[in-house]
Structure formats: structure tokens, C-alpha cells
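Computed from the coordinates by the stated procedures, all read-outs in this text should not be read as laboratory data. The structure displayed is predicted, hence computed values, not measured ones. Glycine gets a Cβ as well: all are built from the backbone with ideal geometry, and neighbour counts include every protein chain shown.
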Amino acid sequence: MRKRLKTKFLGIEVNLPLVLPAGIMDMSFSGLDISAKNGAGIVTSKSLTLEPRLGHKGPVVAEFESGLLNAVGLCNPGIVDGLTEINQFKERSDTPVIVSVFATNTDDFSKLTNHVNKSRGDFLELNLSCPNVFDEFGIPLAASKDEVFKIVKAVKEISRLPIIAKLSPNVYDIVEIALAAEKAGADALCMINTVGPGMLINTKMVKPVLFNKFGGLSGPCIKPIALKLIYQTYSALNIPIIGMGGVTIGEDAIEMIMAGATLVGVGTAVYYRGIEVFDKINREIIEFMDENNYDNLEDIPKLEKLK
Amino acid sequence: MNKRITLKIAGIERETNDIKTYSFKHSLNAQPAQFIMLTDFEGGEKPFSISDCTEDVFSITVKRIGEFTTRLFQKRVGDYVSIRGAFGSSFFVSQGKVLLIGGGYAVPTFYFLSKVLKENGAEVTLINGARTKDEHLFSEKLSKLGIKVINTTDDGTFGEKGTSVDITKRMLNHHSQAGAWERENGKMFDFVYVSGPEMMMKALQPLLKDHDYEFLFERYMKCAIGICGNCTMDPLGIRLCVEGPVLPKKLVEQLTEFGQYHRDATGKRIKY
């Protein structure tokens with residue numbers, strides 16, 4: 001039955017269409033493995049930096065009625081240790097891995113790419129859009145089409161792996177930025193990163209709940225924003241999109257596909273529906289296909305492109 | 001949704017120079033081994049095991065180890081802190097003869113467990129170990145529960161001399177020599193609970209191979225809601241904040257990182 005969910009992404013066979021995105025269950029090879037065992041077709045590493053990072057002090061996550069707010073602050077063990085986890089994962093699993101990396105300039109992105117070239121990763125994701133390190137690094141690179149073009153182009157020249165640019169929703173003109181990534185040689189896009197950032201306040205203690213004060217928004221409340229941006233981008237570009245943002249149930253994933261996504265990311269829903277969420281959503285996608293007489297994933301129609 | 005609650009500290013009790021118990025008036029409804037995440041919004045949110053929980057009061061026992069707990073030590077009754085939880089798995093509540101093996105700062109959790117086990121009719125023996133008398137915890141509180149407590153210190157300054165591991169070894173050996181192995185398939189206890197430093201637990205594991213047991217683990221926690229993956233244990237990908245912190249024998253036996261390494265706040269592996 002699951003065979004009907006098989007698809008191809010950048011020339012690689014993918015058994016299941018759901019992607020574990022960067023920042024979720026990805027600090028260890030075993031976290032990636034348990035996600036794959038529970039039905040993620042592709043897993044993504046934590047966004048790795050050249051040196052280890054502690055991230056922000058807690059609270060790093062805050063729950064509210066319709067989503068989560070987080071400012072983890074790119075904690076990661078650094079590219080060397082991070083790739084060790086990925087290689088160890090690949091020793092035990094055939095599931096493709098996206099190696100996510102974060103830097104703030106071309107030089108560092110190039111250095112990271114050289115490391116990733118020597119790893120067993122399958123794709124390279126450039127995290128251009130972390131919204132939670134503003135105090136340290138300023139406005140994310142994904143806010144500028146020129147920066148996006150420059151970084152993607154430089155990495156494309158040296159990367160052994162296909163490149164996925166992870167874009168921010170927090171821009172006025174997503175299409176202009178997505179086009180810059182495509183023109184620079186990005187093989188695919190991953191969108192959207194978290195929204196906002198936003199904030200929550202503890203009223204008894206008169207303090208922001210997150211120690212970083214502001215954090216990226218995820219969960220059901222951001223799905224409409226994700227769908228709109230993915231649809232606009234799909235309409236204007238030719239490269240595939242990993243669509244994510246608030247996907248919690250099978251129908252959310254169908255919406256992502258109809259908006260133009262080739263694969264669908266599921267992150268915050270691990271909180272709402274457990275680590276089994278991937279297989280739950282896989283089953284719900286199959287149920288939808290049965291109800292609507294679609295044999296394969298590719299049969300699910302996409303919206304007519306925006307003109 | 002797991003609602004954050006902001007509470008005034010209702011009571012503070014000094015246990016040792018570096019350990020205090022904080023109580024809060026709130027119906028937390030927690031089970032033994034579950035934990036809360038606590039913050040004062042000044043930088044840091046840390047997990048703390050529940051050391052007691054009644055219908056309307058719960059407490060945590062805190063060791064001063066760094067910046068965060070030093071700040072917590074300066075707080076007074078009436079000051080606010082904010083919590084999330086209770087999170088995680090709890091100890092199986094066994095009947096019959098049970099053994100609790102505790103080391104150091106991990107013992108307060110066993111106070112709560114002992115109470116629950118006693119209420120359920122179990123016959124409780126607790127080994128309460130510490131390095132030295134000044135670090136020995138909860139001996140008075142535990143003595144009031146009507147359970148059998150064996151106090152021990154590494155240097156012999158309080159109770160028997162030796163580690164919790166030594167005492168366990170002695171107890172099981174003695175039992176074995178008395179020819180009791182035939183009884184109940186060689187099991188001296190119906191269930192064993194272990195809470196303490198990881199290397200203590202590692203040393204106890206082979207001694208307990210004939211017993212059913214649960215171990216209480218500690219790993220660096222950030223989100224506590226099962227998404228960040230910081231507290232996963234290899235190679236199973238068990239999230240200690242959701243599937244743990246208590247793990248049963250059949251899972252403990254499969255853990256390759258047990259007693260070998262843990263991961264710090266960056267996710268980097270740190271060897272024991």
C-alpha cells in the first residue's frame with residue numbers, strides 16, 4: 001500500500017513523501033532513525049555551523065493555543081560532530097538525508113560545503129532563514145535576493161550534492177527571492193521556515209516567555225501563510241519545493257501538494273501527534289487517495305498556476 | 001496543550017549546604033519520576049524531578065550546581081517561578097518485595113516513590129547512599145515512612161561504609177549463599193528501582209540481571225515536549241522527556257550509550 005506513496009526527488013527515489021525538517025528530532029543518529037522508522041521518507045539534520053553552538057538559554061520553546069513559539073538559537077555540535085551522527089545514521093538506514101548548514105557569509109558556507117561533500121549526506125540544505133539569531137547576526141540572508149543569489153551560486157560551484165535553499169516567509173516578495181535562488185543554481189527549495197518572529201508574555205512575572213524574547217512561530221496557525229507562499233513560488237519557478245508549515249494531518253499535506261509542493265515537511269506536529277505522526281499522515285494521504293481515486297502521489301492534482 | 005503555570009514558592013527547606021527543597025501549592029497530579037521544567041525568565045529553564053506530590057502540594061529538591069540554581073537558591077517564600085509539566089514516564093508501581101537503590105542527589109525522587117509503593121501495599125527496602133554524611137539526603141524523612149532503609153556512605157561517616165553498589169552486592173550475595181536462589185527463580189525482590197549517577201546504575205546492571213527493574217536516566221533537556229531531540233538515547237532514539245526518564249529493563253539492555261556517553265547542550269557527545 002505504501003508503494004503508492006513512492007516518489008522521486010531530484011533524481012533520488014523516495015519511499016515516502018514526508019520530510020523531517022531541520023530542528024526536529026535531529027540531534028542524534030538515533031533521533032533521525034526513529035523518525036525514519038516512523039514514516040519520514042527523508043530526514044534533515046540539525047542546521048550545522050562550523051563551530052559548536054550552545055543556542056539560547058531557556059525557555060527556548062513556548063506553547064500557546066494554536067502553535068509553538070521557539071528560539072532554540074541554532075544549538076548544534078558543529079559540522080564535524082554533526083556529520084558523524086549523519087554518517088552513523090546512514091550506516092543503519094537507506095533513508096536519504098538532507099544535511100542542513102547555517103552560516104552568515106559565503107566563506108563559511110563554502111567551508112561547510114567542503115565538509116558536507118565528504119559526508120554520506122544526500123542533499124545540502126542552506127539555512128538562509130533562521131529568524132532566531134537576529135541579535136547575533138541581524139536580518140536573515142533570505143531577506144535579500146542579492147545575498148541569496150551570491151551564497152547559492154558560490155555553494156553550487158563546489159557542492160557535490162544537490163542544493164536546497166531554505167527560505168523565510170518573513171519577506172515582502174517571496175517570488176523575487178525564490179527566483180534568485182533558482183537562477184543561482186538551487187536544485188530545490190524548502191519553505192517555509194518559522195513565521196514572525198513573535199512573542200508571548202508571562203503576565204504574572206511581567207517577562208517575555210522566551211529568554212530570547214522573540215521566537216519563530218510554527219504549528220497549525222502558520223499553514224495558510226505557508227500555502228500561499230508555496231503556491232506563489234510554485235507558480236513562478238520550475239524547481240521542486242519541499243513544502244512545510246503547520247502540516248498536522250493528511251489533508252494539510254494534500255493542500256501542500258496541491259499548492260505545488262513535491263514533498264511535505266512535518267515538524268511541530270510531532271508534538272501534537274507523537275513521533276508516529278509521519279505514519280499517521282502517510283495513512284491519511286492514502287485514505288484521501290482512495291476516496292478520490294488517485295493511484296499514485298503524482299496523480300494528486302496541483303492548483304492551476306498563478307498567472 | 002501543556003499549560004504553563006506561574007506559582008509562588010510556598011516553602012523552602014534546607015537539606016544540606018547545597019540542596020534545598022521547594023514546595024508549591026498546586027494540584028500537579030504527578031507520578032513518581034515525572035519532572036517539571038522550571039524558569040524564572042532570567043535565563044535558563046531546567047528539569048527537576050518531583051520529590052513529593054500530594055493532592056494540593058508538590059515539591060522539588062534542588063542541588064546548587066551552576067548559575068541557574070544559584071539564582072534559585074536566592075529566592076524566598078512568596079517569590080514567583082514558572083513551570084511546565086509534569087512530563088515524562090513514571091515508575092511502575094509494583095506490589096510485593098521491592099528494592100530501591102538510590103545514590104546522592106537522586107534519592108529525593110525515591111521519597112515520593114516509596115510513599116506511593118507503601119500506599120499500594122509493597123514491602124519497601126531502600127538503599128540510600130551518598131559520598132559522605134554532609135551529602136546524605138532525606139534520611140529523617142524516609143525513616144518516617146515505615147519502610148526499611150539502609151543508609152550508607154562511601155566514607156562510612158553515616159550508616160554503613162560503602163557505596164550503594166557495594167551494599168547491593170553484599171545483600172544479593174548473602175541471599176544467594178543462603179540458598180534462596182531456588183525460591184522465585186532466584187529473585188530476591190519482585191521489582192528493583194534504581195536512581196542515581198549513571199556509572200552507579202551501570203555498575204548495578206549486571207548485579208540485577210535476574211531481577212525486573214527500572215532505571216531513572218538523566219540527559220540534557222531543552223523542549224521537554226519531544227520535538228528538539230536533545231535528550232534522545234542511542235541507538236533507540238528514545239526521547240527521555242517523553243518515553244523516559246524511567247526506562248524498563250528491556251530498553252535499558254539495548255542502550256549503547258548507557259554508561260558510555262551523553263550529549264551536552266550543543267548535542268556534542270561527552271564521554272563518561
Select from A:198, A:39, A:260 the residue whose mean-square fluctuation is largest in a Gaussian network model of chain A (Cα-Cα springs shorter than 10 Å).
A:198
Compute the distance in nm between two label points, each set 7 Å from the Cα along the Cα-to-Cβ direction, one at residue B:173 and one at residue A:80.
4.5 nm
Using a basic spin-label model with each label point 7 Å from the Cα along Cα→Cβ, how many nm lie between residue B:42 and residue A:225?
3.3 nm
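To the nearest 20 debye, what charge dipole does chain B have about its Cα centre, counting +1 at the Cβ of each Lys and Arg and -1 at the Cβ of each Asp and Glu? Write down the numbers at each step before the final one.
Working: 37 positive and 33 negative charges, 90 e Å.
With only Lys, Arg, Asp and Glu charged at Cβ, the dipole is about 440 debye.
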If the chain between residue A:3 and residue A:291 were fully extended at 0.36 nm per residue, the gain over the current Cα-Cα distance would be 102.0 nm
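What number, in percent, do you get for the relative contact order of chain A if the mean sequence gap of Cα pairs under 8 Å and at least 6 apart is divided by its residue count? It would help to have the intermediate numbers written out before the result.
Working: 715 pairs, mean separation 56.5, N = 307.
So the answer I get is 18 percent.
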How large is the helix-only mean residue ellipticity at 222 nm for chain B, computed as the sum of -39500 (n - 2.57) over DSSP H runs with n ≥ 4, divided by its residue count, in deg cm²/dmol to the nearest 500?
-5000 deg cm²/dmol
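Mind listing which GluC sites (Glu not before Pro) in the range A:20-124 are in a DSSP loop and have 11 or fewer other Cβ atoms within 10 Å?
Qualifying residues, ordered by number: A:65.
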Hey, quick one: spin label on residue B:77, modelled 7 Å out along Cα-Cβ, who in the range B:4-27 has an amide N within reach, i.e. under 19 Å?
B:7-16, B:19-27
Using a 4.7 Å Cβ cut-off, which Cys residues in chain B lack a partner cysteine?
B:53, B:231, B:241
DSSP beta bridges in the range B:18-145 [antiparallel fraction, %, rounded to 5]:
75 percent
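If the viscosity is 0.890 mPa s and the temperature 25 °C, what Stokes-Einstein diffusion coefficient in µm²/s follows for the range B:5-87 when Rh is the Kirkwood radius over Cα pairs?
Working: Rh = 12.6 Å.
Translational diffusion coefficient: 195 µm²/s.
Using a 10 Å Cβ count of at most 13 others and DSSP loop calls, identify the longest part of chain B lacking such GluC sites (Glu not before Pro). Let's see the in-between values first.
On the way: sites that count: B:42, B:55, B:253.
Segment B:56-252 is the longest.
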Could you tell me which residue out of B:260, B:199, B:213 lies farthest along the dipole of the range B:153-272 toward its positive end? Charges go on the beta carbon: Lys and Arg +1, Asp and Glu -1, centred on the Cα centre.
B:260
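Which FRET efficiency value, to the nearest 0.05, is calculated for residue B:139 and residue B:25 with the Förster distance at 22 angstrom and r the Cβ-Cβ distance? The partial results should precede the final answer.
Numbers: r = 26 Å, r/R0 = 1.20.
For R0 = 22 Å, the calculated efficiency reads 0.25.
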Virtual paramagnetic centre 7 Å along Cα→Cβ of residue B:93, amide N under 19 Å, in the range B:228-272
B:245-248
Most mobile of A:200, A:179, A:124 per a Gaussian network model of chain A (Cα springs, under 10 Å)?
A:200
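Go ahead and run the numbers for FRET between residue B:70 and residue B:160, Cβ-Cβ distance against an R0 of 30 Å, rounding to 0.05. Can you show the working numbers first?
Values: r = 33 Å, r/R0 = 1.10.
Once the sixth-power term is evaluated, E becomes 0.35.
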Please give the Cα centre distance for the range B:1-38 versus the range B:63-86, rounded to the nearest Å.
9 Å
Cα centroid separation - the range A:135-189 against the range B:147-164, whole Å:
62 Å
Which of the trypsin sites (Lys or Arg not before Pro) found in the range B:203-263 are loop residues per DSSP with 11 or fewer other Cβ atoms within 10 Å of their Cβ?
B:209
Among A:187, A:252, A:295, which one shows the highest mean-square fluctuation when chain A is modelled as a Gaussian network with alpha-carbon springs under 10 Å?
A:295
Listed with the fewest Cβ neighbours within 10 Å leading, B:118, B:20, A:3 appear as A:3, B:118, B:20
Label residue A:136 and residue B:8 with points 7 Å out from Cα along Cα→Cβ: what is the distance between them in nm?
3.9 nm
